[in-house]
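Enquirer: Structure below; questions to follow.
The values are calculated or read from the model by the stated rules, or taken from the named source; none is laboratory data. Note that this is a predicted model, so its numbers are computed, not measured. Note: ideal-geometry Cβ built from the backbone for every residue, glycine included; neighbour counts use all protein chains shown.
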Amino acid sequence: MRTLPDIIKADLAAVVCGVAVPCSADRGHYYAGQGNSFWQLLHDSGLTSSRLTPEADDSLPELGLGLVDLVPADGNGGPIDVPSFIALMAEHRPRWVAFNGKKAGDALARALGHTKPGLGEQDWTIVGARVFVLPSSSGANRRRDYDGRPDRLQWWAELAELVRTACGDQRSGTAISPRRSQSS
């Protein structure tokens with residue numbers, strides 16, 4: 001299975017983790033599939049101060065964010081390579097690990113012996129990083145209820161607020177800057 005390289009560095013505010021999908025790898029960028037709302041949700045939530053494109057995915061660490069995918073240990077769609085993921089998080093020590101979708105969150109939670117997670121902040125950590133499960137940004141994830149909330153953005157905005165609080169609003173224009181008005 002062809003995968004994308006991790007986009008990560010030490011001490012990031014948050015690392016967003018999804019499940020490796022061939023179409024993103026084929027396009028060479030994270031969340032590049034048509035209909036995927038990742039980049040819009042990232043901006044509208046306040047995690048970034050401007051709307052980025054998939055081609056700018058490698059600029060995220062400068063904004064305090066990283067991107068990684070859970071990948072199968074066998075490279076062919078089998079169980080997730082949990083030890084490699086945990087080692088990556090231990091090496092880089094993000095403040096938050098945010099799973100883009102319940103599928104990604106569930107895969108790791110079960111592997112670590114936790115119950116199936118709902119959306120939102122979890123009661124467990126990954127090598128000291130707080131854990132948050134977001135509704136998937138996939139275009140296929142369009143429904144009327146997201147664990148009691150009417151849209152995905154409310155969950156993404158909650159993560160942005162938690163990240164800002166954890167990081168102390170220290171840097172302007174980054175992943176921890178205050179949410180901007182959508183009209184600006």
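Enquirer: Could you tell me whether region 83-97 includes any residue that is on the phi > 0 side of the Ramachandran plot and over 14 Å from the mean Cα position of the chain (by Cα)?
Expert: yes
Enquirer: Name the residues in region 11-40 that are closer than 19 Å to residue 167 by Cβ and out of contact with any Pro (no Cβ under 9 Å at 6 or more places or on another chain), would you?
Expert: 16, 17
Enquirer: Suppose the filter is free of Cβ contacts under 8 Å to residues at least 12 places away in the same chain and part of a helix (DSSP H, G or I); does residue 61 pass it?
Expert: For residue 61, the condition - free of Cβ contacts under 8 Å to residues at least 12 places away in the same chain and part of a helix (DSSP H, G or I) - is not met.
Enquirer: OK, next. Would you mind stating whether residue 96 is among the aromatic types (Phe, Trp, Tyr) and out of contact with any Lys or Arg (no Cβ under 7 Å at 6 or more places or on another chain)? If you could, list the steps in order and put the result at the bottom.
Expert: Values: among the aromatic types (Phe, Trp, Tyr): yes; out of contact with any Lys or Arg (no Cβ under 7 Å at 6 or more places or on another chain): no.
No.
Enquirer: All but one of (1) closer than 19 Å to residue 8 by Cα; (2) surrounded by fewer than 19 Cβ atoms within 10 Å (Cβ to Cβ); (3) without any contact (Cβ under 8 Å) to a residue 60 or more places away in the chain hold for residue 130; state the number of the condition that does not hold.
Expert: Condition not satisfied by residue 130: (2).
Enquirer: Against the condition in contact with a helix residue (DSSP H, G or I) (Cβ under 7 Å, 6 or more places away or on another chain), touching a residue at least 60 places away in the same chain (Cβ under 8 Å), hydrophobic (A, V, I, L, M, F, W, C) and under 25 Å from residue 37 (Cα atoms), how does residue 70 come out, does it pass?
Expert: Here the answer is no, as residue 70 does not meet what is asked.
Enquirer: A follow-up question, please. Would it be correct to say that residue 25 is hydrophobic (A, V, I, L, M, F, W, C), over 23 Å from residue 168 (Cα atoms) and touching a Lys or Arg at 6+ places or on another chain (Cβ under 6 Å)?
Expert: Yes: the conditions hold for residue 25.
Enquirer: Can I ask one more? Taking the condition assigned to a loop (DSSP other than H, G, I, E, B), under 21 Å from residue 127 (Cβ atoms) and modelled with pLDDT of 90 or more, does residue 69 pass? Working first, answer last.
Expert: On the way: assigned to a loop (DSSP other than H, G, I, E, B): no; under 21 Å from residue 127 (Cβ atoms): yes; modelled with pLDDT of 90 or more: yes.
Spelling it out, it is not the case that residue 69 is assigned to a loop (DSSP other than H, G, I, E, B), under 21 Å from residue 127 (Cβ atoms) and modelled with pLDDT of 90 or more.
Enquirer: If residue 117 passes every condition in (1) touching a helix residue (DSSP H, G or I) at 6+ places or on another chain (Cβ under 6 Å); (2) closer than 19 Å to residue 6 by Cβ; (3) not acidic (Asp, Glu) but one, which one does it miss?
Expert: (2)
Enquirer: Consider region 1-57. How many of its residues are part of a loop (DSSP other than H, G, I, E, B) and touching a residue at least 12 places away in the same chain (Cβ under 8 Å)?
Expert: So the first thing to find is which residues in region 1-57 are part of a loop (DSSP other than H, G, I, E, B), and the list is 1-6, 8-13, 20-21, 28-37, 45-53.
From what is left, the residues that are touching a residue at least 12 places away in the same chain (Cβ under 8 Å) are 1-4, 6, 8-13, 20-21, 28-37, 45-49, 51-53.
Adding up the residues that qualify gives 31.
Enquirer: Within the bounds of region 155-164, is there any residue that is loosely packed, with under 12 Cβ neighbours inside 10 Å, charged (D, E, K, R) and at pLDDT below 95?
Expert: The answer is no; no qualifying residue exists.
Enquirer: May I pose another question? Output the number of residues of region 117-142 satisfying the condition of being of a type in the set (Ser, Thr, Tyr) and farther than 17 Å from residue 41 by Cα. Show your work before the answer.
Expert: Here is the first cut: in region 117-142, the residues of a type in the set (Ser, Thr, Tyr) are 125, 136-138.
Then drop every residue that is not farther than 17 Å from residue 41 by Cα, which leaves 125.
Residues that pass the stated criteria total 1.
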